Amino acid sequence: MGRTLPSATQVFLQEQDSFARFRRALRRSDQLALDDLFTSARQHLAAAQYASHALPFEVFLLSMLLEEHKEVMRLRQQVDELISRQK
Amino acid sequence: MTETIYGWLFDVYPNETNLTLWLIGEDGKRYRFVQDFAAAVYAAGPERRAERVDEAPRLRELWKWLEAQEVPVRLSRTERRDVFQGMVTVLSAEVLQSARLDELFRKMVAAFPDLTYYDADISLPLRYAAAFNVFPLARCRLDVRGETVISIVPLDTPWELDPAPAPLRLLSLEPDCDPAHGEPKAITVAYERVRYSLPLEKTTPLLASLHHILGRYDPDLILTSWGDTWLMPFLMKICKESGTTLPLNRDENQAVVERKEHTYFSYGQIVYRGRQVQLRGRWHLDKHNAMLWNDYGLEGVLEMARVTRQPVQDAARLSPGTGISSMQFVTALQKGILIPWHKHQAETPKTAMDLLRADMGGMVYQPTIGLHRDVAGIDFVSMYPGIMVRFNISPEVPRAGTDLEPAPGEPGIVPMTLAPLLNKRLALKSALLTLHRWDCRRTTYQALVSAEKWLLVTCFGYLGYKNARFGRIEAHEAVTAYGREALLRAKEAAEDLDYEILHMYVDGLWVHKDGCKTPADFEALLADITERTGLPISLDGVYRWVVFLPSRVNERVPVPNRYFGVFQDGSIKVRGIECRRRDTPPFIAKTQMTIMEILAKAEDAEHLKEVYPKALAFVHMEMEALRAGRVPLEKLLVSQKLSRELCEYSSPSPAARAVRQLQEDGKVVRPGQRVRFLFTLGKPGVRAWDVPEPPDLRYVDVKRYQTLLKRAVETVLAPIGQSVNGGKDKECPYLFPVKNIKPLGEGGTQQLDVHNLSPDHSFRNAIQGGEH
């Protein structure tokens, strides 16, 4: 209500929209992966809002990277468990 | 000869020239008095800082003009404080016959449109309340001579927790059915334990009986259902037709006051306010046209009147926004601060970077989707009003930074207004914690707390509202900035104490820590947060379990305010799901609520697997009842708001189609009003409930209701089912709790003893979304 600037969610949706042409040209499987990346960026909208960065897409990229890294750590842990179980 | 009378101030309203006052005496008598009361309007010229009025030619012209008017005025030149501009020189015009102020002011504005006016549109009851520090139902001492009040002295304040209750006589009038739906056949009249049913068909005996009842019981308050919109207009109409009068008013010199219906747009919603009928010398309250009646009832309405000082009949029908404005007006009048008639305050210029940092609301996180056990919900108590009072945030108080330090200097008008209200609410809340479960004060206190809550909530919005007389966007932004800072400090405090943050929402957070299950376990955290922020925080409760739901569109995207959970005492908290929505058919809302009640029987998350089949069996039963047509039609009614005029729809919504049917029947529905309808087979797919012919059972669109029911059931049972059976949420990467990740620098890998997992453990993992 009565905002001068768009909220982080609005900015996010605009940014996502701006990649519509890019997405359209991707293979279907790649499109789904891209959607996943955007979904993971959505997890950190509150932080992105608080950051009030002048270039919000940088924050969204970092959010994607953050979720990717969490995933890497999770997988690494699973691998370690599997290895230790085999020993 | 002067007489002294003690009693409760009942009502104040203007008569032809001055004020009429009603008092409920301690002797049980109802007194009517009159009082001379002068009301002042101020005018400032374009030359605000002129030393004398005669240096301001326009004000001098106004002075001469006022002297020539027929209404007696006392004129003087004074200095008064404008909140935004400091001291200004003004012409003060005290209208001695205050009831004629509006009439005089209209002429004044027409003759001198270029002047700046102050205190012009404040209602007389508010001015009176400010002048004598009284309020509706205040206990007072009156010195009177004959019918005239010489002096009035209040004996209590609106901030009293247990004021001496006024002995109100309450008569209730109710038609036997909703007049929008059918033709009422009788009115039920109730006074204490006496009940009558008066048939409507013959007007002469009806009016005679009502006349007798009003005379015999002489009620102070007439409480009606649909009285504003139907009953009172109906009674007045038949009175007129039969040429009789009905003593609805106690003040026979005054006419019943009628206000027209209107529709307006507020906070992205269209709101409809029905016609109003107000009495003089008595109160008339319509349960269906009173704001938030279902929330707080008569006690809440009276509390609204006491603290906002609006007359009871207005307080019941006004929005909390008007309530909080009235409170600020009273503070301003009492402190000699000018209330601008029209505000000319623009936002100060900001750089783009400043705007980027300031133009934000509260922090709203994305919760961790899924079912969580042993979660504490903690909330800052009245966070925004608390911030305004503690850190002295007011439009006229300059400030810098978000360092959680009070602004120096005198408290501003906003904190000054709020502080007593906030303190009263805190006192009531802490009293509620200690009162015995069966204490009779509980329900009263609850109603008061809820009424005050609405005032405090709106107060924040009005701080940023450009048309609010004491609003200023910078102050509004300061409040949210302090709120964000406080919430982040709370998060840091929780994480420093090894709590996992599941969700944060503006003024509350949801935290979990293994082994913390009782309120005592969270005391240290609460104390730490209060110390770091300076704001009071309280434990909303410890949940046995709580489910944060994903968005309907994308099941991996969490939404901030869609959750349900069960507290340790078995009570249920629900936000944002079907049973909270007003357009959900009662049958579906009831089914969803009952499912949650069944789930709440499990003493903790571990026992959910025992009640889950019971919930499924119940759903099966309800589905069967729906299919077999055993659900009463009124339980299937959908109630939706008409969002615009019918002709403005390009493709009519179900609500609009239902309204069209009503229109064909000659009934009018205005935007903002609700319309009730059933989903039916074939075209147009809906059937308005309030058309006269009874609907045919066979045309109910059972399939559609089954879909709605299924959706509502899935909202609640899908996450529980996944937890009980172990489902796909185990694979969801976003549920991976960060606490199990070893920071990269520490090296080594975490060992998890997979061989020693008990079945119970795996269940817990399922519930918490997979720890490995």
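If you count, for every residue in A:78-86, the Cβ atoms of partner chains within 10 Å of its Cβ, what is the mean? Please list the in-between numbers first.
Working: counts 2, 1, 6, 7, 1, 1, 6, 3, 0.
Neighbouring Cβ atoms belonging to other protein chains average 3 per residue here.
Rounding to the nearest 20 debye, state how big the charge dipole of the stretch B:364-576 is about its Cα centre with +1 on each Lys and Arg Cβ and -1 on each Asp and Glu Cβ. Working shown, then result.
Details: 25 positive and 25 negative charges, 207 e Å.
So the dipole magnitude of the stretch B:364-576 works out to roughly 1000 debye.
Highest first, please rank the peptides B:596-604, A:26-34 by the mean number of other Cβ atoms sitting within 10 Å of their residues.
On the way: B:596-604: 17.7, A:26-34: 10.6.
The densest-packed peptide leads the list: B:596-604, A:26-34.
Throw me the Rg/Rh for the stretch B:1-138, computed over C-alpha atoms with Kirkwood Rh, two decimals. All intermediate terms of the calculation are to be shown ahead of the outcome.
Details: Rg = 17.7 Å, Rh = 16.6 Å.
Computed over Cα atoms, the ratio is 1.07.
What does the C-alpha gyration tensor say about the overall shape of the stretch B:618-657? Classify as rounded when a/c is under 1.5, otherwise prolate if a/b is larger than b/c, or oblate.
Numbers: a/c = 3.94, a/b = 3.53, b/c = 1.12.
Prolate shape, in that a/c is at least 1.5 and a/b is the bigger ratio.
Note the full-extension length gain between B:Arg556 and B:Ile572 as 0.36 nm times their separation in residues minus their Cα-Cα distance, in nm to one decimal.
Numbers: separation 16, 0.36 × 16 = 5.76 nm, distance 2.50 nm.
Full extension of this stretch gives 3.3 nm more.
Around B:Asp540, which amide H atoms from residues at least 5 apart in sequence, or from another chain, sit under 5 Å from its own amide H, with H modelled in the peptide plane?
Residues meeting the amide H criterion: B:Gly377, B:Ile378, B:Asp379.
Between the stretch B:90-141 and the stretch B:220-296, how many Å separate their Cα centres?
26
Calculated from DSSP H runs of 4 or more alone, at -39500 (n - 2.57) each and per residue, what is the 222 nm mean residue ellipticity of the protein assembly as shown, nearest 500? Display every interim value, and only then the final one.
Working: 24 runs with 340 residues, N = 859.
-13000 deg cm²/dmol, from helical runs alone.
From the C-alpha coordinates alone, can you work out the Kirkwood hydrodynamic radius of the protein assembly as shown, in Å? Write out the running numbers ahead of the final one.
On the way: mean 1/r = 0.0319 Å⁻¹.
It works out to 31.3 Å.
When the Cα centres of the stretch B:556-621 and the stretch B:655-732 are compared, how far apart do they sit, in Å?
20
What's the magnitude of the charge dipole for the protein assembly as shown around its Cα centre, counting Lys and Arg as +1 and Asp and Glu as -1 at the beta-carbon? Answer in Debye, nearest 20. Kindly include the intermediate steps, with their values, before the conclusion.
On the way: 110 positive and 109 negative charges, 402 e Å.
The calculated dipole for the protein assembly as shown is roughly 1940 debye.
How large is ³J(HN,Hα), in whole Hz, for each residue of the stretch B:516-522 in order, when computed from phi with the Karplus curve 6.51 cos²θ - 1.76 cosθ + 1.60 and θ = phi - 60°, using x for Gly and Pro?
Ordered by residue, 3J(HN,Hα) equals 8, 10, 10, x, 4, 5, 9 Hz.
Quick check: from the Cα gyration tensor, does chain A come out rounded (a/c under 1.5), prolate or oblate?
Details: a/c = 3.83, a/b = 1.71, b/c = 2.24.
Oblate.
Share of Cα-Cα pairs in chain B beyond 43 Å, in percent? Mind dumping the intermediate values first?
Working: 121396 of 297606 pairs.
More than 43 Å apart: 41 percent of the Cα pairs in chain B.
With the calculation restricted to Cα positions, what are the radius of gyration and Dmax of the stretch B:429-528 in angstrom?
Using the Cα atoms of the stretch B:429-528, the pair Rg, Dmax is 17.9, 51 Å.
Please rank B:His503, B:His212, fewest neighbouring Cβ atoms within 10 Å first, as an exposure proxy. Display every interim value, and only then the final one.
Details: B:His503 22, B:His212 10.
Ordered by Cβ neighbours within 10 Å, fewest first: B:His212, B:His503.
Under a Cβ-only charge scheme (Lys and Arg +1, Asp and Glu -1), can you give me the dipole magnitude of chain A about the Cα centre, in debye to the nearest 20? Could you put the intermediate results ahead of the total?
Details: 12 positive and 11 negative charges, 41 e Å.
Once rounded to the nearest 20, the dipole reads 200 debye.
Could you check how many percent of all C-alpha pairs in the stretch B:633-699 are farther apart than 17 Å?
Working: 775 of 2211 pairs.
Cα-Cα pairs of the stretch B:633-699 separated by over 17 Å account for 35 percent.
How do B:Thr157, B:Thr348 line up, fewest other C-beta atoms within 10 Å first? Working shown, then result.
On the way: B:Thr157 16, B:Thr348 9.
Starting with the residue having the fewest Cβ neighbours, the order is B:Thr348, B:Thr157.
Please sort B:605-615, B:655-665, A:75-85, B:309-319 by packing, taking for each peptide the average over its residues of neighbouring beta carbons within 10 angstrom, highest first. Show your work: numbers first, answer last.
Values: B:605-615: 17.4, B:655-665: 19.2, A:75-85: 13.1, B:309-319: 23.2.
Highest-to-lowest ranking by the protection proxy: B:309-319, B:655-665, B:605-615, A:75-85.
Just need the relative contact order of the stretch B:1-40 here, percent rounded to a whole number, with Cα pairs under 8 Å and 6+ apart. Spell out each step's value before the answer.
Working: 56 pairs, mean separation 12.8, N = 40.
Value for the stretch B:1-40: 32 percent.
Compare the peptides B:168-179, B:431-442, B:668-679, B:479-490 by average per-residue count of other Cβ atoms within 10 angstrom and give them in order, highest first.
Taking the mean over residues of other Cβ atoms within 10 Å, the ranking is B:479-490, B:668-679, B:168-179, B:431-442.
Peptide A:67-75: average number of partner chain Cβ atoms within 10 Å per residue?
Other-chain Cβ atoms within 10 Å of each residue's Cβ, averaged: 3.
Provide a whole-number value for the mean count of partner chain Cβ atoms within 10 Å of the Cβ atoms in peptide B:360-366.
On the way: counts 7, 4, 2, 4, 6, 6, 6.
For this peptide, the per-residue mean of nearby foreign Cβ atoms is 5.
For the stretch B:405-428 and the stretch A:1-68, compute the distance between their C-alpha centroids and round to whole Å.
41
For Cα pairs less than 8 Å apart in space and 6+ apart in sequence, what is the mean separation divided by the residue count of the stretch B:87-202, i.e. the relative contact order in percent? Could the numbers behind the result be given before it?
On the way: 98 pairs, mean separation 13.6, N = 116.
Rounded, it is 12 percent for the stretch B:87-202.
List the residues, sorted by chain then number, that are 5 or more residues from B:Arg141 or on another chain and whose placed amide H is less than 5 Å from its amide H.
Amide H neighbours of B:Arg141, under 5 Å, 5+ apart: B:Val153, B:Leu155.
Averaging sequence separations of C-alpha pairs under 8 Å and six or more residues apart, then dividing by the length of chain B, give the relative contact order as a whole percent. Intermediate values should be presented prior to the final figure.
Working: 1347 pairs, mean separation 76.7, N = 772.
Relative contact order here is 10 percent.
Arrange B:Asp162, B:Asp540, B:Asp354, B:Asp228 by Cβ neighbour counts within 10 Å, fewest through most, would you?
On the way: B:Asp162 9, B:Asp540 15, B:Asp354 12, B:Asp228 26.
By the 10 Å Cβ count, ascending, the order reads B:Asp162, B:Asp354, B:Asp540, B:Asp228.
All of the numbers you see were taken from the coordinates with simple rules; none came from a lab. Everything numeric here is computed off the predicted structure, so don't read it as measured data. Cβ atoms come from the backbone with ideal geometry, glycine included; neighbour counts cover every protein chain shown.
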